[in-house]
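J.: Input: one structure, supplied below.
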Amino acid sequence: MQPFSAVWIYGSSDPENANHFETIRQWWVGLLGKSITWRQRLIDRTTDPQDLDWAAERFDEEFAISGPDVRGITLYYKKLGSDLERSTTPQSLKLSANGQYLYICPQSQNDVVIRVGRPDANLETLDLTNPSVAIATGGGRCVLTLTDATAGLAVRVTLGAESLLALKKLLP
């Protein structure tokens, strides 16, 4: 997975913590009037949130955000057209390396991570030529790793049972 461009952790003594928070604050208030996706997943704090399955699920939301603000360390927002102000106080914040997603671990829910992003987030295409292939299975999932040593790239793809079946149908 890509490293994060900014990581802020409540109570951290990292000298860059305040700078990272400011970067994330600017990203958050920059969402004003934009359509966002709001997705929540269960997580343990040792798992990289980028490793989770972020495909749309039943309770995920997409809405235009109004009044994004940061007061203290709390992130505030409203859904466009609503007067109800909502908020979340983070334990940690992680901004993806490409600046497209913010991962919020709320103080009030130790087993939840929220991913806020733009529905029109740009996807990066990687071109691999004759990569080596490695497969690992377990826990109802298959991890496919494609490595192109010449390009210095490796792509790890985690597939659930349905996605694996769909891939098998596509292969000759």
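J.: Can you tell me how many residues within the range 143-167 are part of a helix (DSSP H, G or I), loosely packed, with under 14 Cβ neighbours inside 10 Å and aliphatic (A, V, I, L, M)?
T.: 4
J.: What number of residues within the range 123-132 are surrounded by 10 or more Cβ atoms within 10 Å (Cβ to Cβ) and either over 27 Å from Gly99 (Cβ atoms) or touching a helix residue (DSSP H, G or I) at 6+ places or on another chain (Cβ under 9 Å) (or both)?
T.: Total meeting the criteria: 2.
J.: Please enumerate the residues belonging to the range 139-161 that are closer than 16 Å to Leu52 by Cα and not small (Gly, Ala, Ser). Quick ask: steps written out before the conclusion?
T.: First, the residues of the range 139-161 that are closer than 16 Å to Leu52 by Cα: 139-144, 155-161.
Selection gives Arg141, Cys142, Val143, Leu144, Val155, Arg156, Val157, Thr158, Leu159.
J.: Only residues that are part of a helix (DSSP H, G or I) and surrounded by 15 or more Cβ atoms within 10 Å (Cβ to Cβ): list them for the range 1-28, please.
T.: Scanning the range 1-28 gives Asn17, His20, Phe21, Thr23, Ile24, Arg25, Trp27, Trp28.
J.: Just checking, which of Ser82, Ser87 is under 30 Å from Asn19 (Cβ atoms), free of Cβ contacts under 8 Å to residues at least 24 places away in the same chain and surrounded by fewer than 16 Cβ atoms within 10 Å (Cβ to Cβ)?
T.: None of the other options fit; the residue is Ser87.
J.: Please enumerate the residues belonging to the range 135-172 that are basic (Lys, Arg) and in contact with a Pro (Cβ under 8 Å, 6 or more places away or on another chain).
T.: Once the filter is applied, which keeps residues that are basic (Lys, Arg) and in contact with a Pro (Cβ under 8 Å, 6 or more places away or on another chain), the range 135-172 yields nothing.
J.: Please determine whether any residue of the range 52-67 is within 27 Å of Arg156 (Cβ to Cβ), surrounded by 15 or more Cβ atoms within 10 Å (Cβ to Cβ), touching a residue at least 12 places away in the same chain (Cβ under 8 Å) and not polar (S, T, N, Q).
T.: There is at least one residue in the range 52-67 that is within 27 Å of Arg156 (Cβ to Cβ), surrounded by 15 or more Cβ atoms within 10 Å (Cβ to Cβ), touching a residue at least 12 places away in the same chain (Cβ under 8 Å) and not polar (S, T, N, Q).
J.: Starting from the range 157-172, keep only residues that are in contact (Cβ under 8 Å) with a residue 12 or more places away in the chain, then list their pairs with residues that are exposed (fewer than 14 other Cβ atoms within 10 Å of the Cβ) and part of a helix (DSSP H, G or I) whose Cβ atoms are within a distance under 8 Å, requiring at least 6 positions of separation or different chains.
T.: Sorted first by the residue in the range 157-172, then by its partner, the pairs are Thr158/Asp51; Leu159/Leu167.
J.: Take Asn110 and decide whether it is under 20 Å from Ile43 (Cα atoms), in contact (Cβ under 8 Å) with a residue 12 or more places away in the chain and not acidic (Asp, Glu). Step through it out loud before you land on a result.
T.: Details: under 20 Å from Ile43 (Cα atoms): yes; in contact (Cβ under 8 Å) with a residue 12 or more places away in the chain: yes; not acidic (Asp, Glu): yes.
It is true that Asn110 is under 20 Å from Ile43 (Cα atoms), in contact (Cβ under 8 Å) with a residue 12 or more places away in the chain and not acidic (Asp, Glu).
J.: Further, regarding this structure: Out of Gln2, Gln40, I need the residue that is under 24 Å from Gly160 (Cα atoms) and at pLDDT 95 or above. Which one?
T.: Result of the check over Gln2, Gln40: Gln40.
The values are calculated or read from the model by the stated rules, or taken from the named source; none is laboratory data. Predicted model, so just to flag it, every value in this text is computed and none were measured. Glycine gets a Cβ as well: all are built from the backbone with ideal geometry, and neighbour counts include every protein chain shown.
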